[in-house]
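The structure appears below as structure tokens.
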Amino acid sequence: MAQTIPLVTALGGNDTILRKVAMVLFGSVLVAMSAQISVPMYPVPMTLQTLAISLIGLTYGARLAAATLVVYLGQGLMGFPVFAGGAAGAAYALGPTGGFLAGFVLMAWATGYLVERGLNRGFLRLFAAALIPALLLFVPGVLWLWTITPLDLQAAIWAGAAPFQLGGLVKSAVAALIVTGAWAALRSRLG
């Protein structure tokens, strides 16, 4: 696939280190805020954290998106209450959700990578760029859960992956809709 540009690059402006730092900080705050929002769903509630990560990957590109999630994790490890439910610290990060937290960096990078490889425009392409990494997030998440709990692999899949698939589909679709709309707005603005 041809190399393409993410939305923030298309928006223009000078690509300075200050702008990148501001984007990373904004993105890390967005993920932290979305981790505090719980949406009731069946069979378990979900946070909007992975929606924010998809949006960052779809708009920032691979490297900047991954850097944003590294900063987010660093904030949590330093004790800032950025994880779901206001949690923080190394003990939480190494707990049952630790594989998902580490997987967030890979999810952001992979989403941005797919955007940079041509899945950056149109709802279906953006949906694929959001959904594939969102599904791959369950690999480190479930493996970590299986490793540090008494659950066998099948139970870890049922506890750590199965209940979240509907939410992942919905959040990937919402992220794709938002970014599709942003590209349309940019096109109309540019004429």
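Using label points projected 7 Å from each Cα along Cα→Cβ, tell me how many nm separate residue 78 and residue 159, to one decimal.
3.3
At residue 18 and residue 169, where each label point lies 7 Å from the Cα along Cα→Cβ, what is the point-to-point distance in nanometres?
4.7
What is the extension gain from residue 70 to residue 39, computed as 0.36 nm multiplied by their sequence separation minus the C-alpha to C-alpha distance, in nm to one decimal?
Values: separation 31, 0.36 × 31 = 11.16 nm, distance 2.50 nm.
Length difference between fully extended and current span is 8.7 nm.
Counting only residues 5 or more places away or on other chains, whose amide H sits under 5 Å from the amide H of residue 46 once H atoms are built in the peptide plane?
39, 41
Between residue 187 and residue 11, what is 0.36 nm times their sequence separation minus the Cα-Cα distance? Round to one decimal in nm.
Numbers: separation 176, 0.36 × 176 = 63.36 nm, distance 1.01 nm.
The residue 187-residue 11 span can extend by a further 62.4 nm.
What's the extension gain from residue 4 to residue 94 if we count 0.36 nm per residue and subtract their Cα-Cα distance?
On the way: separation 90, 0.36 × 90 = 32.40 nm, distance 3.62 nm.
Taking residue 4 through residue 94 to full extension adds about 28.8 nm, to one decimal.
Sorted by average packing, counted as other Cβ atoms within 10 angstrom per residue and highest first, what order do 87-97, 105-115 take? Don't skip to the answer; put the middle values down first.
On the way: 87-97: 15.4, 105-115: 24.6.
The most tightly packed comes first, giving 105-115, 87-97.
Counting pairs of alpha carbon atoms under 8 Å apart in space and at least six apart in sequence, what relative contact order in percent does region 7-190 give?
On the way: 275 pairs, mean separation 42.6, N = 184.
Computed value for region 7-190: 23 percent relative contact order.
Taking the Cα atoms only, what angle lies between the long axis of helix 62-77 and the longest principal axis of the chain, rounded to 10 degrees?
Roughly 40 degrees between the two axes.
Once amide H atoms are placed 1.01 Å from N in the peptide plane, what residues at a sequence separation of 5 or more from residue 118, or on another chain, have their amide H within under 5 Å of its amide H?
Residues meeting the criterion, in which the H sits 1.01 Å from N, are 4.
Per residue, how big is the convex hull of the chain when only Cα atoms are used? Give it in Å³.
Values: hull volume 21.7 nm³, N = 191.
In the chain, the Cα hull volume divided by residue count equals 114 Å³.
Sort 18, 55, 169, 131 so that the residue with the fewest other Cβ atoms within 10 Å of its own Cβ comes first and the one with the most comes last.
With the sparsest Cβ surroundings first, the list reads 18, 169, 131, 55.
Just so you know, all these numbers are worked out from the coordinates, no wet-lab data involved. Since the model is a prediction, treat every value here as computed from it, not as a measurement. In this analysis, Cβ positions are derived from the backbone assuming ideal geometry, glycine residues included, and neighbour counts consider all displayed protein chains.
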